[in-house]
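Written below as structure tokens is the structure these notes are about.
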Amino acid sequence: MKVSYAKLWILSLGAGLLLLAACAQVVSPQGGPKDKEPPQFIRANPAMASSEVRPELITLYFNEFLKLKNKRKNILFSPPVQNYELIRRKRSIDILLPKDSLKPNTTHTIQFGKAIRDITEGNPAKGFVYVFSTGETVDSLNLNGRVVDAFTRDSVSDVSILLYQDPEPEAIKTKRPYFYTEADEQGQFGFQYLKAADYQVYALKELNNNLQYDPGEQVGLLGN
């Protein structure tokens with residue numbers, strides 16, 4: 001698989017898709033400028049993109065005090081890992097994995113979405129992914145694309161992009177995705193650390209942030 005570019009069409013189910021744009025002016029509070037920077041990843045143990053490791057404890061270190069928000073929606077293990085434990089410390093996160101929960105010869109990723117935020121202003125470290133492999137190599141294929149409105153062809157933001165290995169259309173209603181990310185303000189999105197495989201790609205404008213399609217939500221399909 002080569003690095004590819006994909007375009008997704010947002011399809012309105014029922015009523016037409018209405019997108020609203022708003023601009024808010026940021027005013028610095030008295031006592032100093034407002035913090036606009038998200039937490040920055042510094043290092044990890046095991047190190048980022050390590051191979052031939054089977055950790056039961058992973059520690060991620062950041063440059064400032066942090067908090068975790070909406071963990072159920074934002075944090076996604078691929079392949080899935082059940083019954084893990086997350087411990088947030090001042091500037092780090094401990095991830096405790098059950099014994100024998102990792103697959104052999106497999107690239108494992110932990111996606112954090114917008115879960116990691118600074119403790120003062122709540123700035124999210126968007127799209128942070130920690131990756132390691134129990135085999136000799138880390139999967140390194142990419143998929144990039146853009147989400148556009150099916151009727152106006154305008155870019156669409158605030159959309160979750162869901163990647164499935166299950167070819168059945170019903171998977172988006174019943175299963176969490178294999179990978180996910182969010183489109184930026186220009187509708188651009190990107191995946192990394194993918195293995196060579198066939199994927200179903202959906203764009204979803206969610207109402208309840210559960211990473212699954214529910215009635216009333218707008219869903220997009222990969223365009224040809």
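The values are calculated or read from the model by the stated rules, or taken from the named source; none is laboratory data. Here the structure is a predicted model, which means the values were calculated and not measured. A quick note on method: Cβ atoms are made from the backbone with ideal geometry, for glycine too, and the neighbour counts reach across all protein chains shown. For accessibility, only protein heavy atoms count, side chains too; no ligands or nucleic acids. Shrake-Rupley method; radii C 1.70, N 1.55, O 1.52, S 1.80 Å.
Each principal axis of the Cα cloud of segment 73-128 was taken in turn, and the coordinate range along them, longest first, works out to 40, 20, 17 Å. Looking at segment 146-224, the GluC sites (Glu not before Pro) that sit in a DSSP loop and have at most 12 other Cβ atoms within 10 Å of their own Cβ are 170, 185. Spin-label model, residue 56 to residue 210: label points 7 Å out along the Cα-to-beta-carbon direction sit 3.5 nm apart. Shape summary: segment 79-224 maps onto an equivalent ellipsoid whose semi-axes, from the alpha-carbon gyration tensor, are 27, 20, 15 Å in decreasing order. In terms of its C-alpha gyration tensor, segment 141-224 has an oblate overall shape, because the principal axis ratio a/c (a ≥ b ≥ c, square roots of the eigenvalues) is not below 1.5 and a/b does not outweigh b/c. Counting 0.36 nm for each residue step from residue 86 to residue 157 and taking away their Cα separation leaves a gain of 22.6 nm.
Given the C-alpha centroids of segment 133-154 and segment 164-220, what is the distance between them in whole angstrom? If we compute the Cα centre of each part, the gap is 11 Å.
Stretching the chain fully between residue 64 and residue 121 yields a gain of 19.3 nm (0.36 nm per residue, less the alpha carbon separation).
Each peptide among 113-126, 76-89 gets the average number of other Cβ atoms lying within 10 Å of its residues, and from highest to lowest they stand as 113-126, 76-89. Could you please report the charge total around residue 169, scoring K, R as +1 and D, E as -1 over all other residues with beta-carbon less than 15 angstrom from its beta-carbon? Within the 15 Å Cβ shell, the charges total -4. Placing dummy labels 7 Å off each Cα toward the beta-carbon, the span from residue 136 to residue 198 is 2.8 nm. As a fraction of the 1.4 Å probe accessible area of segment 66-221, surface on carbon and sulfur atoms comes out at 44 percent.
Summary value for segment 181-224: 31 percent relative contact order, contacts being C-alpha pairs under 8 angstrom separated by 6+ residues. Considering every alpha-carbon pair of segment 112-159, the percent of pairs per 5 Å bin, from zero through the bin containing the longest distance, is 5, 14, 13, 15, 16, 16, 13, 6, 2, 0. Using 0.36 nm per residue, how much length does the chain from residue 165 to residue 144 gain when fully extended, once their Cα-Cα distance is taken away? Length difference between fully extended and current span is 5.9 nm. Close amide H pairs (under 5 Å, H built 1.01 Å from N) link residue 221 with 9, 11, 203, residues at least 5 positions away or on another chain.
Summing charges over all other residues whose Cβ lies under 14 Å from the Cβ of residue 54, with Lys and Arg as +1 and Asp and Glu as -1, gives -2. Assuming a ≥ b ≥ c are the square roots of the Cα gyration tensor eigenvalues, decide whether segment 126-188 counts as rounded (a/c under 1.5), prolate (otherwise, with a/b larger than b/c) or oblate. Verdict is oblate for segment 126-188. Checking the table 69/99; 114/205; 36/205; 126/173; 69/195 against a 19 Å threshold on Cα-Cα, which pairs fail? Table pairs above 19 Å Cα-Cα are 69/99; 36/205; 126/173; 69/195. Neighbours of residue 96 by Cβ distance under 12 Å: Lys/Arg scored +1, Asp/Glu scored -1, total -2.
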